[in-house]
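Right, one structure below, let's go through it.
The values are calculated or read from the model by the stated rules, or taken from the named source; none is laboratory data. In this text the structure is predicted, and so the values were computed from the model without any measurement. Using ideal geometry, Cβ is built from the backbone for each residue, glycine included, and neighbour counts are taken over all protein chains shown.
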């Protein structure tokens, strides 16, 4: 991305931030002036636009959800990964990250959680459910049959 394209993109993000934060035009210009010393995006450099955007994020402008890149399609979802980690923490004897990764590698043949596909994550979850049952937990409630956690 060229510097001019990057600058235009930053200007767009600052304007989106203005509308998402509900700033009036006067408040917006005062905000920019307080951050960069300039009251218009057109007068700012890319670095000043980045500073304005950082300040907007600190004051409530939410970060946009990151788009899924084409090479990430089919990867395990965040809820699947969190479920795997939670189930591991609940029922594994050795609760270390290293032990969990060894288990995942044995089941799904991947070296790290980020390489799991949705299908391989499902396989790991099913194996963990079996492990929870053997450990005496109900995998649907994560409680031991006697009611102890």
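Points to keep in mind about this one:
- Residue in region 62-72 that is surrounded by 15 or more Cβ atoms within 10 Å (Cβ to Cβ) and either at pLDDT 90 or above or assigned to a loop (DSSP other than H, G, I, E, B) (or both) present: no
- Any pair with Cβ under 8 angstrom, 6 or more apart, that starts in region 10-26 at a residue that is under 21 Å from residue 46 (Cα atoms) and ends at one that is at pLDDT 90 or above and exposed (fewer than 14 other Cβ atoms within 10 Å of the Cβ): 11/42
- Qualifying residue in region 111-130 (condition: in a loop (DSSP other than H, G, I, E, B) and exposed (fewer than 12 other Cβ atoms within 10 Å of the Cβ)): yes
- Residue match in region 125-135 (condition: within 16 Å of residue 76 (Cα to Cα), without any contact (Cβ under 8 Å) to a residue 40 or more places away in the chain and assigned by TED's automatic domain parsing to the domain that holds residue 76): yes
- Inside region 89-110, residues that are surrounded by 15 or more Cβ atoms within 10 Å (Cβ to Cβ) and either part of a loop (DSSP other than H, G, I, E, B) or outside the structural domain of residue 75 (by TED's automatic domain parsing) (or both) make up a count of 2.
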